[in-house]
1. Take residue 162, project a point 7 Å from its Cα along the Cβ direction, then tell me which residues of region 88-111 have their backbone nitrogen under 17 Å from it.
2. Keeping to pairs on different chains or 8 or more places apart, tell me how many lysine pairs in region 2-172 have Cα atoms under 16 Å apart.
3. Label points 7 Å out from Cα along the Cβ direction at residue 243 and residue 94: separation in nm?
4. Is the shape of region 60-124 best called rounded, prolate or oblate, per the rule: a/c under 1.5 gives rounded, else a/b larger than b/c gives prolate, else oblate, with a ≥ b ≥ c the square roots of the Cα gyration tensor eigenvalues?
5. Taking a ≥ b ≥ c as the square roots of the Cα gyration tensor eigenvalues, with a/c under 1.5 meaning rounded and otherwise prolate when a/b beats b/c, else oblate, which class fits region 77-166?
6. Suppose R0 equals 30 Å. What FRET efficiency, 1/(1 + (r/R0)^6) with r the Cβ-Cβ distance, do residue 106 and residue 51 give to the nearest 0.05?
7. Trypsin sites (Lys or Arg not before Pro), restricted to region 54-124: which are DSSP loop and have at most 12 other Cβ atoms within 10 Å?
8. Each label point is 7 Å from the Cα along the Cα-to-Cβ direction; what then is the distance between the points at residue 14 and residue 86, in nm?
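No value in this document is a laboratory result; all are computed from the given coordinates. The model shown is predicted, which means the values in this text are computed figures rather than measured ones. Heads up, the Cβs are rebuilt from the backbone with ideal geometry, glycines too, and the neighbour counts pull from every protein chain shown.
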Amino acid sequence: MLNGVIAEDSWFGDEVTPATFREELYAEDGNIVVQICSPGGDCFAAAQIYSMLVDYPGKVTVRIDGLAASAASVIAMAGDEVQMYLTSLLMVHNPATMAAGDHNEMERAIAMLAEVKESIINAYAAKTGLARAKISHLMESESYLNANKAVELGFADTILTREGDSEEVANAVLFSPREVSNAIFNKLTKIENLAKDTLPAEQPEFAEAGIDTTNNSEDGGQETFAPNSDSHIPQERSVDSLMERLSLIKNHI
């Protein structure tokens, strides 16, 4: 169990320290599940715990119960499998410190933070396979990742749902803007194909009655109207226009 602030030493008896974590880790043999709910804490203490889990001989499953933030998110990256619940969050941000002294001390503090950030990126990159620049941007932005986003980016592997949940529930969990765009795009493709099959370019029966079913638009294009429609909405043009816009959306999400 990793529940609470991560620290080198315990002041109040409820911190997670490398020493106490090691005792619990090696209390028994075999595969383990590390349950994490922590706001983070000391980067160096987290680095020790991360190393312990990487070196552990059994399979390490990390299960984020609520929040794995800051240094706790680094520890989570040591899992062979990282699991999150629907309501779990993972947060990444830049390391921080406190310093006092002249400009030399400030420069040393800046240099130290830069190296700590690089070591944190090492852990994130090893798990996710993301580019270092992408990870650095996420840290700069102090990013909170829900379960779906964490899986999408590679910070987590599995979203835990209740036993017996239907496939529809699982698919709903895996929502993403790209999936929505693709679904709409595919549906409109079917509509366009249906329109081409059911709305011929020439309709002799209406031509005989003196009804013109086409209209040249100002931009030189041709609009096809549905003669039985009271509103005379340009059917083919509206589908084509939506398809064009959705193509742009699909390529840029």
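1. Answer for region 88-111: 88.
2. Values: 59/127; 117/127; 117/134; 127/149; 134/149.
The number of close lysine pairs in region 2-172 is 5.
3. Distance between the two pseudo-spin positions: 4.8 nm.
4. Numbers: a/c = 4.54, a/b = 2.55, b/c = 1.78.
Prolate is the answer for region 60-124, as a/c is 1.5 or above and a/b outweighs b/c.
5. Values: a/c = 3.32, a/b = 2.60, b/c = 1.28.
It comes out prolate by the Cα gyration axes.
6. So, using R0 = 30 Å, E works out to roughly 0.50.
7. Numbers: sites: 59, 63, 108, 117; in loops: 59.
Sites meeting the loop and neighbour criteria: 59.
8. Each label point lies 7 Å from its Cα, and together they span 2.9 nm.
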